[in-house]
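Q: This is the structure I have questions about; it appears just below.
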Amino acid sequence: MESADFSLAPHIWDISQEEAISIQRRLSAEVIRSDQCDKLSRVAGVDVGFEAGGEITRAAVVVLSFPELQIVESVFARRPTSFPYIPGLLSFREAPAILDALAKLIVLPDLLVVDGQGIAHPRRLGIASHLGLLTGLPSIGVAKSILVGRHEPVPDEPSAWRPLVDHDEVIGAALRTRPGVKPVYVSIGHRLSLETAIELVRRCTHKYRLPEPIRQAHHLASQKIGEST
C-alpha cells in the first residue's frame, strides 16, 4: 500500500497560544464521537520523546497487527521543536513530528492509539482528537494522568472502569488494565464511541499497564540516537 501524505495540515503550527486555543475550539465541533471504523486489522501506537533538552521532537509510530499485536512496521521522525510546552496545547508541540513519522509509513493503520488525551480535554480537542481530524483515521487517546475531569474509585481488577466526568459530561473513562497499578485514562479521539474505545484498549493490553501499541511506540520514541531500532 502506498504511503499517504500526512505531512500537510489544514493550519500552520507556528502560531500564538491564543491562535492555538481558537483552532482547538473550532476543530472540536468536527470530532465524530460514534463508531465509523469499518475494518480493523492494523493498529498504530503513537508517542513522542524529546532530545537536546526539548529542542528536538522525536515522534514514533509503531504499526501492529490486530488482534495478534505483532509489529508490522515502525518509523520515527525528528524535527526542531517549534512550540513551547503548554498543558492543553501539546498537539501544537508534538503533532508536526508525528505527521512526519506517519508520512513515512508503508503499511497504513486502521486506528491510531495515541499517548495523550482525546476529548478528555478542556476544549475537547486533545492530541488524539487533533491527529484523528488531521489524518481522517479513527483514534483513541490513552493518557497516564488526568488533564481535566474526575471519577469514582476504580475497582482493583482488570477491565474495571469508571466514567471520567467534567461539568456533568462524560469525557472518558478511568480504566484499570492491571491489578495493583494506576488506571489509564481512555477517551474518544475521533470516529469511535467511548464504549468501543474502552474495548479496543482492553484488547490491546496484555501484560502491562499501557496498551501494547503505545508501549512499543514509547520504547522507540525513548531510544537514544544510535541505538538499534
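Coordinate-derived values only; no laboratory data. It should be emphasised that the depicted structure is a prediction, and the values quoted were computed from it without experimental measurement. Heads up, the Cβs are rebuilt from the backbone with ideal geometry, glycines too, and the neighbour counts pull from every protein chain shown.
Q: Non-local amide H neighbours of residue 108 (under 5 Å, H modeled in plane, Pro and chain starts lacking H): which ones?
A: none
Q: When Lys and Arg each count +1 and Asp and Glu each count -1, what net charge do the other residues less than 14 Å away from residue 66, Cβ to Cβ, add up to?
A: -2
Q: What does the helix-only formula give at 222 nm for the chain: each DSSP H stretch with n ≥ 4 adding -39500 (n - 2.57), the total divided by the residues, and the result rounded to the nearest 500 deg cm²/dmol? Let's see the in-between values first.
A: Numbers: 5 runs with 56 residues, N = 229.
That calculation yields -7500 deg cm²/dmol at 222 nm.
Q: What does the charge count near residue 37 come to, summing +1 for each Lys or Arg and -1 for each Asp or Glu among other residues with Cβ under 14 Å from its Cβ? Intermediate values should be presented prior to the final figure.
A: On the way: positive: 33, 39, 42, 191, 203; negative: 35, 38, 110, 195, 199.
Once positives and negatives cancel, what remains is 0.
Q: Turning to a different aspect of this structure: Taking only C-alpha pairs under 8 Å that are 6+ residues apart, what is the relative contact order of the chain in percent? Working shown, then result.
A: On the way: 554 pairs, mean separation 51.0, N = 229.
Value for the chain: 22 percent.
Q: Using the Karplus equation 6.51 cos²θ - 1.76 cosθ + 1.60 (θ = phi - 60°), what ³J(HN,Hα) coupling, rounded to whole Hz, does each residue of region 65-71 give in order, writing x for Gly and Pro?
A: 5, 10, x, 5, 6, 9, 5
Q: Could you pull out every residue, at least 5 positions away or on a different chain, whose amide H is within less than 5 Å of the one on residue 171? Hs are placed 1.01 Å off N in the peptide plane, and Pro or chain starts have none.
A: 164, 165, 166
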